[in-house]
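For reference, the structure is listed below as structure tokens.
The numbers here are math on the coordinates, done by the rules we state, and not lab data. For clarity, every value in this text was computed on a predicted model and none was experimentally measured. Cβ placement follows ideal geometry from the backbone for every residue including glycine, while neighbour counts extend to all protein chains displayed.
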Amino acid sequence: MSKPIRYDSLLVRDLATELNGALAGQPLYGVRLERGSRLLELETAGASWRWALHPQNGEVFRAARAHIDANVVLPRRARIECVVSVPDERILEIHIRGEGDSTHGGTAERIIIELLTNQWNALALAAGNRIIHVLRPRSAGSRTLMTGDTYTAPAGTDRIGAERLLTAEEWDEVLGAAEPGQRVRTYVGRIAWASPINAPYVIGAADVHDAALPDAYLRYVSLVDGPRSPCILPPPYEGQPYGVQLDPGARAFPSLLEAIAASVETPAAGAAEEQREAALANAAVQAERAAARARRLAAELESVPAEAASLRHTADLLLAQVHRVPKGATRVELDDFQGGVLDVELDGTLTPAENAAQYYARARKRERAAARLPDLIARARDEAAHWSALRQRIESGAATAEEIAAAQPATLQGPRAKQQVALPYRVYRTSGGLEVRVGRNPRANDALTLRHSSGNDIWLHARDVGGAHVILRWNDREANPPHRDIEEAAVLAALHSKARTSKLVPVDYTRRKYVRKPRKSPPGKVVFERGRTIFVEPDPDVAEALRQG
């Protein structure tokens with residue numbers, strides 16, 4: 001089966017324009033709607049045209065003229081008058097002109113091609129919009145597509161800009177009023193000719209930056225009203241034919257029809273080479289990631305003895321100078337045994353002895369973590385060696401097809417993976433079983449907080465430093481999550497912040513509903529109310545345990 005083609009209103013419009021240039025004025029000798037194979041066929045003076053109307057196909061192709069077993073009644077001396085599209089709709093019309101009428105109850109005046117969702121269809125209409133033939137008879141809501149019924153067009157999108165381009169002022173009024181991070185959705189939902197295919201190209205950085213809106217408007221104007229440049233779009237568009245080169249890597253063609261033909265006739269060798277290149281690149285990335293992880297863990301193992309000794313030294317000082325620690329203090333200066341003064345951070349809710357016990361416990365935890373590190377380092381080095389060897393095998397041509405398939409990036413494996421979109425967060429799970437989401441970068445932080453969380457969730461962030469937004473999932477508005485779960489989520493917030501190397505990190509937290517994003521603020525910047533603070537140690541061992549949970 002050929003690659004499926006996605007049709008949006010702009011592709012339908014461009015295709016109608018090209019078909020009109022090829023077919024307008026041509027004598028039409030026969031039309032056939034083949035229900036079993038979902039095929040529309042046209043026989044003209046110069047060629048036969050076929051359109052596969054199954055959502056898993058979609059190609060339009062021209063072949064040498066051949067007689068077809070027509071099943072649509074045409075007027076005498078039928079000609080194709082024009083091919084047009086309905087503005088901002090995925091509907092194409094072939095208008096037919098001829099002489100007289102037949103004795104069979106009317107002749108076709110129009111062929112309607114609907115490319116809506118997965119309900120693709122073709123119909124032949126006589127005068128008065130009466131259906132005289134239909135590819136797929138069906139009933140959907142108020143629409144009945146049966147022979148003898150009157151054709152009713154689908155409800156329109158009612159998006160603005162179908163008949164004329166939006167002005168720059170109208171563009172700013174519609175998209176400028178949308179919240180940053182919501183502009184792609186606003187563009188697709190409210191502006192004519194927009195679609196998920198062209199939205200990333202048009203909107204780009206304007207999704208979150210007001211200053212980028214003018215450039216986005218210029219791209220919109222060029223997309224809708226600029227010169228056509230037929231092409232096949234590269235990944236992640238999956239070889240989609242289109243009338244505009246939305247990506248510098250697009251492969252240009254003289255016509256849209258040629259691009260469509262090439263998109264469904266890509267040689268198997270080309271696909272195999274594409275897989276090989278993807279596997280090679282992924283193997284290099286995975287090898288470097290594993291090697292970097294091994295280096296990080298080795299550096300951590302080397303630092304543990306000194307860190308544990310420092311924690312025990314602090315605990316010893318606390319016990320020796322208990323009388324110098326004021327009640328409720330969160331910080332105290334103590335005389336160091338080795339000379340000088342040591343600044344010690346404390347939990348104000350604990351006694352000096354209890355604070356000392358915590359420092360001793362942290363030292364022991366460091367040493368327990370260190371005991372696991374040699375095994376983790378060995379596994380990371382083995383993984384790096386595996387990927388490096390596989391990369392060499394792929395480069396030399398010795399890798400099997402199974403090895404190349406297994407080395408594909410996750411986004412390229414399997415048909416379902418093509419439909420997956422990378423989430424803006426990493427997922428962990430607390431020891432109490434609660435899900436924790438950690439933002440991947442500043443823009444992902446906005447997406448996590450504003451679109452991938454609920455009002456009663458717990459939002460956390462390391463105080464006064466850059467770092468990830470963290471969401472602890474919680475749906476009870478009356479009760480708070482257990483303190484242990486909040487503490488573990490706070491550890492993740494501390495680890496994914498610029499304070500990750502500190503011994504103790506203050507982490508603010510509140511309900512997600514008390515967090516808001518100021519207008520025109522940079523990515524990741526929010527303000528919050530009713531916040532509380534918890535002090536935690538950014539312990540990588542905790543994060544590792546939560547990732548495995």
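What is the chain's relative contact order, in percent, from Cα pairs under 8 angstrom and six or more apart in sequence?
Details: 992 pairs, mean separation 43.9, N = 549.
Once divided by the residue count of the chain, the mean separation gives 8 percent.
Percentage of Cα-Cα pair distances in segment 9-145 greater than 24 Å, rounded to whole percent?
In whole percent, the long-distance tail amounts to 23.
Does segment 244-366 come out rounded, prolate or oblate by the C-alpha gyration tensor, with a ≥ b ≥ c the root eigenvalues, rounded set by a/c under 1.5 and, if not, prolate when a/b is larger than b/c and oblate if not?
prolate
When the gyration tensor of the chain is built from Cα positions, what are the square roots of 5 times its three eigenvalues, in whole Å, from largest to smallest?
64, 28, 19
Determine, for Glu488, Glu114, the number of other Cβ atoms within 10 Å of each Cβ, and report the residues in order from fewest to most.
Glu114, Glu488
Of Lys498/Lys520; Lys327/Lys525; Lys327/Lys503, which ones are farther than 31 Å apart at the Cα? Walk me through the numbers before you get to the answer.
On the way: Lys498/Lys520 24 Å; Lys327/Lys525 36 Å; Lys327/Lys503 22 Å.
Beyond 31 Å between Cα atoms: Lys327/Lys525.
Assign one of three labels to segment 163-226, namely rounded, prolate or oblate, based on the Cα gyration tensor with a ≥ b ≥ c the square roots of its eigenvalues; rounded applies when a/c is under 1.5, prolate when it is not and a/b is larger than b/c, and oblate otherwise.
It is rounded, given that a/c, with a ≥ b ≥ c, falls under 1.5.
State the extension gain, in nm to one decimal, for the chain segment bounded by Thr147 and Ala306, taking 0.36 nm per residue of separation less the distance between their alpha-carbons.
Between Thr147 and Ala306, full extension yields an extra 48.8 nm.
Would you mind ranking Thr167, Thr351 by Cβ crowding within 10 Å, fewest neighbours first?
In increasing order of surrounding Cβ atoms, one gets Thr167, Thr351.
All other residues with a Cβ under 11 Å from the Cβ of Ile68 taken together, and with Lys, Arg as +1 and Asp, Glu as -1, what is their net charge? Spell out each step's value before the answer.
Values: positive: Arg32, Arg50, Arg65; negative: Glu34, Glu41, Glu43, Asp69.
Net local charge, Ile68 excluded: -1.
What does the convex hull of the alpha-carbon atoms of segment 421-548 project to on average, in nm²?
Details: hull surface 29.8 nm².
For segment 421-548, averaging the hull's shadow over all directions gives 7.4 nm².
In nanometres, what is the gap between the two model label sites at Asp247 and Ile160, each 7 Å from Cα along Cα-to-Cβ?
3.2
Where does each of Val507, Val536 land when they are ranked from fewest to most other beta-carbon atoms within 10 angstrom? Kindly include the intermediate steps, with their values, before the conclusion.
On the way: Val507 26, Val536 22.
Ascending Cβ contact count within 10 Å gives the list Val536, Val507.
Can you give me the convex hull volume of the Cα atoms of segment 332-394, divided per residue and expressed in Å³?
Details: hull volume 9.9 nm³, N = 63.
That works out to 158 Å³ per residue.
Before rounding to the nearest 500, sum -39500 (n - 2.57) across all DSSP H runs of length at least 4 in the chain and divide by the residue total; then give [θ] at 222 nm in deg cm²/dmol.
Taking each H run of at least 4 residues, the total per residue is -11500 deg cm²/dmol.
When Lys and Arg each count +1 and Asp and Glu each count -1, what net charge do the other residues less than 9 Å away from Leu546, Cβ to Cβ, add up to?
Once positives and negatives cancel, what remains is 0.
Given a Förster distance of 30 Å, report the FRET efficiency between Arg130 and Val221 from their Cβ-Cβ distance, rounded to the nearest 0.05. Mind showing how you got there, number by number?
Values: r = 40 Å, r/R0 = 1.35.
The pair Arg130/Val221 has a calculated efficiency of 0.15.
Tell me the angle of helix 9-23 to the major Cα principal axis of the chain, expressed in degrees between 0 and 90 and rounded to the nearest ten.
The answer is roughly 30 degrees.
So what's the net charge close to Ile534: Lys and Arg +1, Asp and Glu -1, counting the other residues with Cβ under 12 Å from its Cβ?
The answer is -3.
What is the calculated FRET efficiency for Asp210 to Val427, with r their C-beta to C-beta distance and R₀ = 30 Å, to the nearest 0.05? Working shown, then result.
Numbers: r = 32 Å, r/R0 = 1.06.
Efficiency computed from Cβ-Cβ geometry: 0.40.
What are the residues whose amide H is under 5 Å from the amide H of Arg110, where those residues sit 5 or more places off or on another chain and H is modelled from the backbone?
Ile96, Leu125
If we sort 153-159, 297-303 on the protection proxy, mean other Cβ atoms within 10 Å, highest first, what's the order?
Per-residue Cβ counts within 10 Å, averaged per peptide and sorted highest first, yield 297-303, 153-159.
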